[in-house]
């Protein structure tokens with residue numbers, strides 16, 4: 001299996017395979033906020049840093065920083081529209 005890259009964006013299918021969970025489990029994780037994701041074109045996209053946060057507690061701080069940075073960048077972009 002390939003390595004999870006923190007800056008890479010993954011689909012729910014790729015995420016499901018990395019975590020080895022069922023389709024219903026990933027839907028539940030997304031709905032309950034266990035996995036943080038953004039919807040793009042009606043489909044969820046998940047940062048690799050978020051996946052690392054789930055599988056490695058040490059990576060959680062880095063994932064939080066990456067997520068907040070991306071979130072702020074999106075807010076600024078939307079505000080400038």
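Any read-out appearing in this document is the output of simple, stated calculations on the displayed coordinates, not a laboratory observation. Source: prediction; values computed, not measured.
Between helix 60-79 and the chain there is an angle of about 40 degrees, using the helix long axis and the longest principal axis of the Cα atoms. Every pair of different Cα atoms in the chain enters the Kirkwood calculation, which places the hydrodynamic radius at 13.2 Å.
Between residue 43 and residue 13, the contour length at 0.36 nm per residue exceeds the alpha carbon distance by 9.7 nm.
Compared with the alpha-carbon gap, the fully stretched path from residue 77 to residue 22 is longer by 16.4 nm at 0.36 nm per residue.
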